[in-house]
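Heads up, the thing below is written out as structure tokens.
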Amino acid sequence: MIRALLSPQPLFYENGMMTLRILAGAMMAYHGVEVFDTPTMDNYATWDMIKNLPGARLMVYLGKGIELVTGICFVIGLFTRIAAVLMCIDMFYICFFVGHGRFYYEDQHPFLFALLALVFFFTGPVKLSVDGVLFKKVNNPTLSS
């Protein structure tokens with residue numbers, strides 16, 4: 001057991017990544033459900049950093065809609081890399097333009113969601129995903145060792 005913990009080899013890679021993908025997606029979707037709460041959405045549109053944007057109300061709904069849709073996509077593993085790019089852009093925008101860019105303290109949550117999105121951009125959905133069913137693994141001889 002100690003040897004496995006000290007090894008540079010991944011531990012429980014597929015199950016671990018699948019679990020992280022589903023949990024991150026569920027948490028993102030939970031934040032995105034606010035898109036259906038009109039008073040909350042109206043409040044967001046009054047924030048100083050948002051109200052001066054062109055189409056402030058539309059931008060708020062677009063951002064929350066992206067959170068909901070990308071969260072659902074992560075949970076089921078559908079178009080995972082596209083969802084990851086959209087989630088990453090949305091969360092970096094929140095961190096650096098809506099927030100104060102203090103990702104080391106105040107704006108950690110959106111920054112960490114963006115980092116998780118990058119992880120799944122690079123790894124894909126890994127296991128138990130709609131992507132796995134739709135885009136069956138193709139043996140690529142140039143990538144085999």
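Quick one: is Glu34 at pLDDT 90 or above, open to solvent by less than 30 Å² (accessible area, probe 1.4 Å) and touching a helix residue (DSSP H, G or I) at 6+ places or on another chain (Cβ under 9 Å)?
Here the answer is no, as Glu34 does not meet what is asked.
Going residue by residue through region 73-87, is there one that turns out to be open to solvent by 50 Å² or more (accessible area, probe 1.4 Å) and part of a loop (DSSP other than H, G, I, E, B)?
Checked region 73-87: at least one residue is open to solvent by 50 Å² or more (accessible area, probe 1.4 Å) and part of a loop (DSSP other than H, G, I, E, B).
Among the residues of region 93-106, is there at least one that is within 22 Å of Asp42 (Cβ to Cβ), open to solvent by 60 Å² or more (accessible area, probe 1.4 Å), of a type outside the set (A, V, I, L, M, F, W, C) and out of contact with any Pro (no Cβ under 6 Å at 6 or more places or on another chain)?
yes
Take the residues in region 41-86 that are hydroxyl-bearing (Ser, Thr, Tyr) and touching a helix residue (DSSP H, G or I) at 6+ places or on another chain (Cβ under 7 Å), then tell me which one is modelled with the lowest pLDDT.
Tyr44
Criterion first (surrounded by fewer than 16 Cβ atoms within 10 Å (Cβ to Cβ) and on the phi > 0 side of the Ramachandran plot) does Gly124 satisfy it?
It is false that Gly124 is surrounded by fewer than 16 Cβ atoms within 10 Å (Cβ to Cβ) and on the phi > 0 side of the Ramachandran plot.
Where the second residue is not in a helix (DSSP H, G or I) and the first is of a type outside the set (D, E, K, R) and lies in region 112-134, which pairs have Cβ atoms under 6 Å and are six or more apart or on separate chains?
Every condition considered, the pairs that remain are Pro125/Gly77; Ser129/Gly77; Val130/Gly77; Val130/Leu78.
Would you confirm whether any residue within region 49-65 is part of a helix (DSSP H, G or I), touching a Pro at 6+ places or on another chain (Cβ under 6 Å), under 22 Å from Leu115 (Cα atoms) and open to solvent by less than 80 Å² (accessible area, probe 1.4 Å)?
No, every residue in region 49-65 fails to be part of a helix (DSSP H, G or I), touching a Pro at 6+ places or on another chain (Cβ under 6 Å), under 22 Å from Leu115 (Cα atoms) and open to solvent by less than 80 Å² (accessible area, probe 1.4 Å).
Scan region 26-60 for residues that are within 18 Å of Phe97 (Cα to Cα) and of a type in the set (Val, Ile, Thr) and jot them down.
The answer is Thr46, Ile50, Val60.
Against the conditions (1) surrounded by fewer than 17 Cβ atoms within 10 Å (Cβ to Cβ); (2) closer than 19 Å to Tyr30 by Cβ; (3) in contact with a helix residue (DSSP H, G or I) (Cβ under 8 Å, 6 or more places away or on another chain), where does His109 fall short? Just the number, please.
With respect to (1) surrounded by fewer than 17 Cβ atoms within 10 Å (Cβ to Cβ); (2) closer than 19 Å to Tyr30 by Cβ; (3) in contact with a helix residue (DSSP H, G or I) (Cβ under 8 Å, 6 or more places away or on another chain), His109 is out only on (3).
Where residues in region 1-31 are open to solvent by less than 80 Å² (accessible area, probe 1.4 Å) and among the aliphatic types (A, V, I, L, M), which of them is modelled with the lowest pLDDT?
This residue is Ala4.
The values are calculated or read from the model by the stated rules, or taken from the named source; none is laboratory data. Model, not experiment: these values are computed from the prediction. Glycine gets a Cβ as well: all are built from the backbone with ideal geometry, and neighbour counts include every protein chain shown. All accessible areas refer to the heavy atoms of the entire protein, side chains included, with ligands and DNA or RNA removed. Shrake-Rupley method; radii C 1.70, N 1.55, O 1.52, S 1.80 Å.
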